[in-house]
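First the structure, in the form of structure tokens, and then the observations on it.
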Amino acid sequence: MNAMRLNTRWVPLSLALLAASASAQQRPLPVPTNTVRPAVVTPLPQPQLGSQQNNPQHDPAAKLSRDIQAASRRVQADSIGSEIQRRDVQIESDRLRTDRLRAASRDPVESQRLRNDYEQRRADNERRRVELEHQRQQVAPPPDGNR
């Protein structure tokens with residue numbers, strides 16, 4: 001009886017498969033011509049020019065770096081300016097000392113030698129001053145409008 005139940009269960013399935021194979025032999029199934037579509041790759045959208053997110057001017061780390069660099073340039077320019085002023089005061093003191101020594105000297109040759117030495121030091125100071133002014137121009141921070 002058990003074998004009977006098993007056979008009756010498989011009969012409808014067997015008939016369905018037989019009918020499907022018979023109909024498949026009569027008319028062929030259409031073969032799809034393009035079942036696989038190519039992947040469509042779209043480029044990422046370009047960032048908007050007005051976007052603050054992509055603008056390095058609004059990046060806090062970049063701003064901090066620019067501020068530190070500007071401060072460093074200001075310090076360097078101030079240091080150079082201080083050296084120029086120090087050298088100016090020094091050469092003026094040297095002039096006064098040379099004038100006193102020349103006035104105290106009774107020998108015209110000694111007076112001329114003191115004057116020539118001072119003029120040489122003054123010329124050296126002027127040359128160095130031009131170099132320092134050039135250095136100060138190189139490290140000077142840009143005006144705030146160009147940041």
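Tabulated values for the structure
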{"read-out": "Net charge contributed by nearby residues that have their C-beta within less than 14 Å of residue 90 (K/R +1, D/E -1)", "value": "+2"}
{"read-out": "Distance between modelled label sites at residue 83 and residue 95, nm, 7 Å Cα→Cβ extension", "value": "2.2 nm"}
{"read-out": "Difference of contour (0.36 nm per residue) and Cα-Cα distance, residue 131 to residue 63", "value": "21.3 nm"}
{"read-out": "Local electrostatic count at residue 130 - Lys and Arg +1, Asp and Glu -1, tallied over other residues with Cβ under 12 Å", "value": "+1"}
{"read-out": "Two-decimal log10 I(q)/I(0) for the range 58-139, as the Debye equation yields it once each C-alpha is a single scatterer, q = 0.18, 0.23, 0.27 Å⁻¹", "value": "-0.80, -1.00, -1.16"}
{"read-out": "Neighbourhood charge, 14 Å Cβ-Cβ cut-off, centred on residue 110 and excluding it, Lys, Arg +1 and Asp, Glu -1", "value": "+2"}
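Any read-out appearing in this document is the output of simple, stated calculations on the displayed coordinates, not a laboratory observation. As the structure is a computational prediction, the values presented were derived from the model and not from experiment. Ideal geometry is used to build each Cβ from the backbone, glycine not excepted, and the neighbour counts take in all protein chains shown.
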